[in-house]
Amino acid sequence: MGDVAKDLLSGTVGGVAQLMVGHPFDTIKVKLQSQPTPLPGQLPKFASATDAVRQTLAAEGPRGLYKGMGAPLATVAALNACLFMVRGQMEALLRSEPGASLTVRQQVVAGAGAGAAVSFLACPTELLKCRLQAQSATTHSGSASVALKYRGPMDVVRCVLVSEGGIRGLFKGLVPTMFREVPGNAAMFGVYEAVKQYMAGGPDTSKLGRGSLITAGGVAGAAFWISVYPADVCKSVIQVDDYKNPKYSGTVNAFRSILASEGVKGLFKGFGPAMARSVPANAACFLVFEVTRSALG
């Protein structure tokens, strides 16, 4: 099996592990990000991440925490395979000689390139996921008719293709997606390599145990969100924005509007669940990727 195929398969398996561990946290993050700004004197729909979990479980049961997982699960192979495959190919281009370890700076460059490539797959997937996750949070009513605006991922696709500009509508939010994926993956892969080299005491990290890989993956996942979280908030609100009467005209407008109406705090809505998700989810992803890649030789 060639290196590309190994990276594709390992990335796929790692992505499945990441999704299974992290999706409930992601659901709460999106609900907090996309809930309407309360009118003066009114309380927000969700007072906190804990409150969002409580309301979701009460209204939808445990399945509600996995709402919208169908789209990323169906495409997780393409997303993570692309991410790790492009990263692997960029590593090969950046190596001074075959088999040489990359520097942290080179891993940053490889991560940025992988992030740029994966943005074009992540954007439509994120749009489907966010629409399904956020539909109960973007309304003031808990009626069944509102809750069932979208019956599933394919219903979101149908609605977008018919009523929101066709194929182009599926790429709504591409710019903030790239603002998230390029620097986010640069930080994640750079930090992952830096932590591994620190624990290994040098550039040769091949002898690190699973505990070290879990630690490095968790820290790397945290680095991703710390570096790009406001871009993710802008992406989410743009992707769930009304097509006919949009509240935001673009990424910069969304950023300025959130900052003006809610302050810096508004740009970090849902940050707690995102961080709570990133550490175990990315630890699982990197561990499973490394173990699978090593098993493939």
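The values are calculated or read from the model by the stated rules, or taken from the named source; none is laboratory data. All values derive from a computational prediction rather than experimental measurement. Here the Cβ positions follow ideal geometry from the backbone for every residue, glycine too, while neighbour counts run over all protein chains shown. Remember, those area values only see protein heavy atoms, side chains included, never the ligands or the DNA or RNA. Shrake-Rupley method; radii C 1.70, N 1.55, O 1.52, S 1.80 Å.
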Summing -39500 (n - 2.57) over every DSSP H run of at least 4 in the chain, dividing by its residue total and rounding to the nearest 500, the 222 nm mean residue ellipticity is -24500 deg cm²/dmol
With label points set 7 Å from each Cα along the Cα-to-Cβ direction at Asp155 and Leu94, the distance between them in nm comes to 4.4 nm
Would you list, by chain and number, the lysines whose Cα falls below 22 Å from the Cα of Lys45, excluding same-chain residues fewer than 8 positions away? Lys29, Lys31, Lys67, Lys129, Lys149, Lys235, Lys247, Lys265, Lys269
Which entry in (1) 132; (2) 144; (3) 159 is this structure's computed volume of the Cα convex hull per residue in Å³? (1)
Roughly how far apart, in whole Å, are the Cα centres of segment 41-59 and segment 210-252? 21 Å
Less than 24 Å apart at the alpha-carbon level, and either on another chain or at least 8 residues along: which lysines does that give for Lys6? Lys196, Lys207
Counting Lys +1, Arg +1, Asp -1, Glu -1, what net charge surrounds Gly166 among other residues with beta carbon under 13 Å of its beta carbon? +2
Between the helical axis of 251-262 and the dominant principal axis of the chain, each derived from Cα atoms, what acute angle in degrees is found, rounded to the nearest 10? 60 degrees
What is the calculated FRET efficiency for Tyr243 to Thr50, with r their C-beta to C-beta distance and R₀ = 51 Å, to the nearest 0.05? 0.95
Can you give me the % of accessible surface on the chain that is carbon or sulfur? Probe 1.4 Å, all protein chains present, nothing else counted. 65 percent
Projected label distance in nm at Leu57 and Val4, using a 7 Å step from Cα toward the beta-carbon: 4.7 nm
If you take the charge dipole of the chain about its Cα centre, with +1 on Lys and Arg Cβ and -1 on Asp and Glu Cβ, which of Val21, Thr292, Gly115 is farthest toward its positive end? Val21
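May I ask you to give the solvent-accessible area per residue for the chain, in square angstrom, as obtained with a 1.4 angstrom probe?
Working: 13660 Å² over 297 residues.
For the chain, the per-residue accessible area is 46 Å².
Sequence gap at least 6, Cα distance under 8 Å: using those rules, report the relative contact order of segment 221-297 to the nearest whole percent. Display every interim value, and only then the final one.
Working: 39 pairs, mean separation 30.4, N = 77.
Relative contact order, segment 221-297: 40 percent.
Given Cβ point charges of +1 (Lys, Arg) and -1 (Asp, Glu) and nothing else, what value in debye, to the nearest 20, does the dipole of the chain about its Cα centre take? Show your work: numbers first, answer last.
Details: 29 positive and 18 negative charges, 127 e Å.
For this selection, approximately 600 debye.
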With axes computed from alpha carbons, what is the tilt in degrees of helix 271-295 against the longest principal axis of the chain, rounded to the nearest 10 within 0 to 90? 30 degrees
